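Rule-based calculations on the coordinates, nothing more; no lab input. Being a predicted model, the structure only gives us computed values, none of them experimental.
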Amino acid sequence: MADRRAESAPHSVRGARTPLFTLALLVVVIVSAIGVIYTAHRSRELFRELEQARGEQNDIQIEWRQLLLERSTLSSHARVEQIADQQLQMTLPEGDMHPMVVE
């Protein structure tokens, strides 16, 4: 009879640990699931922010190209001559009116 008690004692200790172990595993699984959900949500948020930033970058590049085109149009020699002639009433010097730079 003493042998039976000795054999059943370790088994009963294992039986008492099983619900605690199961509960611990359940908690770990739930925490892990919440972590996965949070990570997926954060990943989607970051991807949305990345796409928004790429859209803004594209808009800025388009605006930059338009500004470069406008700058080249406004600074063309023909436009400068037209403004000098029409708005400032400037004319090209004639004949002997050419200034000469002497060193």
Handout entry: Potential lengthening between residue 87 and residue 45 on full extension [0.36 nm per residue; Cα-Cα distance subtracted]
Key = 9.6 nm
Exercise for the section: Could you go through region 76-87 in sequence order and give the Karplus-derived ³J(HN,Hα) for each residue, using 6.51 cos²θ - 1.76 cosθ + 1.60 with θ = phi - 60°, rounded to whole Hz, and x for Gly and Pro? Expected result: 5, 4, 5, 5, 4, 5, 5, 5, 4, 6, 7, 8
